[in-house]
């Protein structure tokens, strides 16, 4: 049994190595001793696709929801009131049967211009309200849109794609089909 499964069974016979000697001889003869570089080819630069999700079409109507932090959180440790310095906008698709719109969740950012956050080391210098929970984390789907798609797919037996043809004919204006 040791002889059957040992390393000696994996060694190739001497007559088989002669088969490859001929190929090596021809490859050595074909190689040129001094190769010339030739012409230089310039390759046109390309633009890399930006990572991430494409924004929702601007033609889709929007409803804004503002999520602000509490008033006590707007007070800096130095005693000054923090000022609004920007906002984070998260867009999610929502649907009411035969209507589609984007919910814009706006979360203002606050920072203290007096001490620039150095007065309170326990809390972040820039404060923002937490993101509202999503039914599928990291997606733009709302519960209404997910329910609408699942009912149309599994109860009405309509295909997922293209969204404008079967589920809602008026979606064609917002989402291009594969033929375009």
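The values are calculated or read from the model by the stated rules, or taken from the named source; none is laboratory data. All values derive from a computational prediction rather than experimental measurement. Don't worry about glycine lacking a Cβ; one is built from the backbone with ideal geometry, like all the others, and counts go over all protein chains shown.
Quick look at the values:
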| quantity | calculated |
| --- | --- |
| Unique residue being touching a residue at least 40 places away in the same chain (Cβ under 8 Å), in contact with a strand residue (DSSP E or B) (Cβ under 7 Å, 6 or more places away or on another chain), part of a loop (DSSP other than H, G, I, E, B) and more than 30 Å from residue 152 (Cα to Cα) when the list is 85, 69, 56 | 69 |
| Boolean, residue 138 is exposed (fewer than 12 other Cβ atoms within 10 Å of the Cβ) and farther than 30 Å from residue 76 by Cα | yes |
| Members of segment 88-109 that are modelled with pLDDT under 85, exposed (fewer than 14 other Cβ atoms within 10 Å of the Cβ) and either assigned to a strand (DSSP E or B) or in contact with a strand residue (DSSP E or B) (Cβ under 9 Å, 6 or more places away or on another chain) (or both) | 96, 99 |
| Any hit, segment 77-84, residues being surrounded by fewer than 11 Cβ atoms within 10 Å (Cβ to Cβ) and either touching a helix residue (DSSP H, G or I) at 6+ places or on another chain (Cβ under 8 Å) or under 20 Å from residue 139 (Cβ atoms) (or both) | no |
| Unmet requirement for residue 170, which otherwise passes all of (1) modelled with pLDDT under 90; (2) surrounded by fewer than 17 Cβ atoms within 10 Å (Cβ to Cβ); (3) under 24 Å from the mean Cα position of the chain (by Cα); (4) closer than 19 Å to residue 62 by Cβ | (3) |
| Residues that are modelled with pLDDT of 85 or more and either surrounded by fewer than 12 Cβ atoms within 10 Å (Cβ to Cβ) or farther than 17 Å from residue 69 by Cβ (or both), drawn from segment 110-135 | 130, 133, 134, 135 |
| Residue under evaluation residue 51, criteria (1) surrounded by fewer than 14 Cβ atoms within 10 Å (Cβ to Cβ); (2) in a strand (DSSP E or B); (3) under 21 Å from the mean Cα position of the chain (by Cα), criterion not met | (2) |
